[in-house]
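> Sharing a structure, written as structure tokens. Questions coming.
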Amino acid sequence: MNLHAHQFVMIRILPMRRPREESYADHAGSASIVILFVIPGFLGQWVIDRFIVRPGKTDLQTILTSIAASCATWAFWYPVMLLVRHLSSNVAVQVVLLFLALFVTPVVGALVMSAPDLRVRTWVNERLYTWLHLRPLNPRPTAWDCAFARGGKYWVRVRLEDGSLVHGIYEKGS
């Protein structure tokens, strides 16, 4: 068999590498990031639900509000944590900031938003809504909302703007 120089091909044999196996630590790290992200929002919602009755709020609305609250919390605290981490290698300071971000900020924020003193909440909400260019909505139900949410049959008297009264029975199909 005659082989010419242009017929030779260089073959390089490389050792075979094992594919990287996924470990429980990889999944635990991913799960902890998700859990740490949503804790502030759900904690804040839990505190608000203790002070404000909001009938008819769906689970989807609760989840979306919790995620939005978590985003707002981390939008404030994440840059602060990065700055502190860059300026200081003290782990205790970082742990305190994480505790503030996860537990203190959502609870204080929820208490302010559902403050028993309406003047404090109104003042905070006015400043916040003005700063964010939003129009506030009143989450408190009216007497009508509470009565009609229970269903049933009611005798209703309504005083119109001109002073006249309208009477009638309110029930399903009326």
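Just so it is clear, none of the values below were taken in a lab; they were calculated from the coordinates. None of these values were measured; they are calculated from a predicted model. Positions of Cβ are generated from backbone atoms using ideal geometry, with glycine treated the same way; all protein chains shown enter the neighbour counts.
> If you count, for each residue, the other Cβ atoms within 10 Å and average over each peptide, how do 84-94, 37-47 line up from highest to lowest?
37-47, 84-94
> Could you line up W155, W74, W123 from fewest to most neighbouring Cβ atoms inside 10 Å? Present the calculation step by step, with values, prior to reporting the outcome.
Values: W155 9, W74 18, W123 13.
Least to most surrounded, the residues fall as W155, W123, W74.
> Stretched out fully, how many nm does the piece from T142 to Q61 gain, at 0.36 nm a residue minus the Cα gap?
Taking T142 through Q61 to full extension adds about 27.2 nm, to one decimal.
> Going by how many other beta carbons lie within 10 Å of each one, how would you line up K57, K172, fewest first?
Numbers: K57 13, K172 7.
Least to most surrounded, the residues fall as K172, K57.
> First measure r as the distance between the Cβ atoms of D49 and L160, then evaluate 1/(1 + (r/R0)^6) with R0 = 25 Å and state the FRET efficiency to the nearest 0.05.
On the way: r = 36 Å, r/R0 = 1.45.
After rounding to 0.05, the efficiency reads 0.10.
> Fewest first, what order do I48, I63 take by the number of other Cβ atoms within 10 Å?
Neighbour counts put them in this order, fewest first: I63, I48.
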